[in-house]
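All remarks here apply to the structure that follows.
The numbers here are math on the coordinates, done by the rules we state, and not lab data. Keep in mind it's a predicted model, so treat the numbers as computed, not measured. Cβ placement follows ideal geometry from the backbone for every residue including glycine, while neighbour counts extend to all protein chains displayed.
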Amino acid sequence: MSIPTEPIGSIPRPPALQTALAEHAEGRLTDVEVTTLQEQATADTLARLEQLGCPVLVDGEQAKPSFATYPVTGLATLDPHGAVIPFADGHTRQLPRLTSGPFRYQVRAETYLRTARRHTDRPVKQAVIAPSALSLLYPGEPIDGYPREAFLRELADEAEADIRGCLEAGAHRVQLDFTEGRLSLKLDPAGGLLDDFIALNNEVLGRFGEAERDRLGVHTCPGGDHDSTHSLDVDYAGLLPKLFQLKVGNFYVQLASETEPEQVLRIIAGQLRPGIRVFIGVTDPISSTVETPEEVRDRVLLAARYIPVDQLGTCDDCGFSPFADDTSTSRDLAFAKIDARVRGTALASQALGL
């Protein structure tokens, strides 16, 4: 037995694909031309991860416009001027705003998974957006003829179908991206919004059986975009006890960029229950410094003082480029960090006699 290690999701797109996306937005490239380049980038991502010895692969989200809004790409009932998410460096991301119902996913994550599986026979993990994130599409004022309650019912049904489709398509693991969890405590320090998020996600997760939940996971981090975060200043102590209420078998927790990792590990240790695994972040995607395998090893050994090794795994803190237009991290840097994670986790396994 060795300690399992998995990527989170996104890998920076190749420069040629970045250029093509910009030209496509200007109407100078067709959908078919862009799709061809995205599939080539997906195949290259999978091949490079295999070469690094990654036991579990991802497609790098090469075809997603962003980790958050892929399901509503092309949805006609959206206004671009929705909720604004500020980052610590001053830049913002803006979500679209729903203008009418019904609410239906336009793209399902299983389409990305099926493309990836054409290029590898290794286990492939698929990231999906948590329904709690998409709940932010509904505006503060009620939509005439489409109450929030109706939207949430349809959102839950769509999110369930998105997850179930990935399981049926053979995903090794389906990971819900829940970066809005920590952010919610900045928006609402009293925790009411976080409670709503947990309840909505559990409404969806509760529709799956125990064996299915063993293949489900949830990822939390303080956001990562253009080498900045949106909620790193929010105390993890307010999030983690509620995070571990989610009905999944796997938790992916950003840790490498925390200033007091042992404090976080103590909180995690207090939330452990039988049958779950906690993947701790051992590389920081928004740092330009490549961790050494020995640094990764030491982070794993520290975690093993608080988390039983049969419940421990490793991951990157976050995806490396969750928005398609983010060029702040190079593709080679991302793969170098992944290499350090894989090799450092192996060193820790050896040190622990696994």
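Structure values in brief
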| item | result |
| --- | --- |
| Nonlocal amide H pairs with LEU57, under 5 Å, H built at 1.01 Å | VAL124, LYS125 |
| Pairwise label distance in nanometres, ALA150 with GLN106, each label 7 Å out on the Cα-Cβ vector | 2.1 nm |
| Dipole of the chain [Lys/Arg +1, Asp/Glu -1 at C-beta], most positive-end residue of ALA116, CYS54, ILE3 | ILE3 |
| Pair SER330, ALA211: separation of 7 Å Cα→Cβ label points (nm) | 4.7 nm |
| Chain lengthening between SER2 and ARG273 when straightened (0.36 nm per residue, less Cα-Cα) | 95.5 nm |
| Alpha carbon centroid spacing (whole Å) that separates segment 222-255 from segment 323-354 | 19 Å |
| Förster radius 51 Å - calculated FRET efficiency between LEU52 and HIS81, Cβ distance, rounded to 0.05 | 0.80 |
| Virtual spin-label span in nm between ALA199 and ASP89, 7 Å along Cα→Cβ | 3.7 nm |
| 222 nm mean residue ellipticity, helices alone, for the chain (DSSP H n ≥ 4; -39,500 (n - 2.57); rounded to 500) | -12000 deg cm²/dmol |
| Share antiparallel - DSSP beta bridges, the chain, percent rounded to 5 | 25 percent |
| Interchain or long-range residues, amide H under 5 Å from GLY313's placed H | VAL278, PHE279, ILE280 |
| Order by protection proxy (mean Cβ within 10 Å, highest first), peptides 25-37, 126-138 | 126-138, 25-37 |
| Under the Karplus curve 6.51 cos²θ - 1.76 cosθ + 1.60, θ = phi - 60°, whole-Hz ³J(HN,Hα) for segment 195-206, x wherever Gly or Pro sits | 4, 5, 4, 4, 5, 5, 4, 6, 4, 6, 5, x |
